[in-house]
1. For the pair ALA199/ASN175, report the inter-label distance in nm, with labels modelled 7 Å from Cα in the Cβ direction.
2. What length, rounded to one decimal in nm, is gained on full extension from GLN94 through to SER125, with 0.36 nm per residue of separation minus their alpha-carbon distance?
3. Using the beta-carbon distance between ARG152 and LEU113 and R0 = 30 Å, what value does 1/(1 + (r/R0)^6) give for FRET efficiency, to the nearest 0.05?
4. Using 0.36 nm times the number of residues separating GLU64 and ASP52, minus their current alpha carbon distance, what extension gain do you get?
5. Based on the Cβ-Cβ distance of SER133 and ASP3, what FRET efficiency does E = 1/(1 + (r/R0)^6) give at R0 = 22 Å, to the nearest 0.05?
6. Taking only complete DSSP H runs, can you tell me which helices of the chain stretch 15 Å or more along their own long axis by Cα positions and average at least -1.0 on the Kyte-Doolittle scale?
7. Could I have the simple spin-label model distance between ASP18 and SER184, label points 7 Å from Cα toward Cβ, reported in nm to one decimal?
8. What does the C-alpha gyration tensor say about the overall shape of segment 36-83? Classify as rounded when a/c is under 1.5, otherwise prolate if a/b is larger than b/c, or oblate.
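The values are calculated or read from the model by the stated rules, or taken from the named source; none is laboratory data. On a predicted model such as this, the values are computed, not experimentally measured, just so you know. Methodologically, a virtual Cβ is constructed for each residue, glycine included, from the backbone with ideal geometry; neighbour enumeration extends over all protein chains shown. Remember, those area values only see protein heavy atoms, side chains included, never the ligands or the DNA or RNA. Shrake-Rupley method; radii C 1.70, N 1.55, O 1.52, S 1.80 Å.
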Amino acid sequence: MSDSQARFKKQAAEAALDQLISGMTVGLGTGSTAAFVITGLGERLADGRLSDIRAVATSVATEELARQSGIELMELTPAGLDIAIDGCDEVDPQLQLIKGLGGALTREKLVALAARRFVIVADDSKSVDRLGSLAPVPVEVVGFGHEATVARLELLGGECRQRSGADGRPLISDNGNLIFDFFSRTAFSPLELAGDLKAETGVVEHGLFLGLADEAILAGPHGITRQVHP
């Protein structure tokens, strides 16, 4: 990540944090941009700008950073959350997203579904005209029989590449499953592909987040732009 990318991500994170008020329950995403949200929230709690905030983390890594930042964590309950703030890998003009290159897509989607307001923060390089332009679609797959599952997924018109960790071994999600990246061979309908992926037995979740985001805050050389769900 370049210095300018880091600066833009932090600017977007700070703009989203300005929407928080004391007493809220907050969903915290996973990844480099979400890390700026977490540390920024910790700073606001430490200096008294915010208080009585409880949060749900979308990954073990986020849990650890939240604790280090002095944020009180809670379980995800049927009561839901006031707001969730997370990054994305792509966002299109309809606020459709690809998420999950950090491997936390299932928990991220559970938190997004539970939030009364779901806000995306990113640098403006994540803005695309069409999903799949830059990023593959992450898919979380049960380990048992995964080769057969992947073979069925590839019949949908794409190539599945297994995600590896820094040690070169297959990446295991916090849920104990494998992560594959689906590279479509052609332009696709996000709604149709989402349905096809989810319908395959062995698939836990996919990284197409459709109809979930309320706002995207994108920062770049020309400042901050906001996309709001119509």
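1. Result for the modelled spin labels: 2.0 nm.
2. Values: separation 31, 0.36 × 31 = 11.16 nm, distance 1.62 nm.
That works out to 9.5 nm of additional length.
3. Values: r = 26 Å, r/R0 = 0.85.
The value I calculate is 0.70.
4. The span from GLU64 to ASP52 would gain 2.4 nm if fully extended.
5. Values: r = 25 Å, r/R0 = 1.14.
Computed FRET efficiency for SER133 and ASP3: 0.30.
6. Details: long enough: 3-17 (21 Å, -0.77); 32-46 (21 Å, 0.90).
What comes out of the filter, once short or polar helices are dropped, is 3-17, 32-46.
7. Result: 3.5 nm between the two label points.
8. Values: a/c = 2.21, a/b = 1.28, b/c = 1.72.
Oblate.
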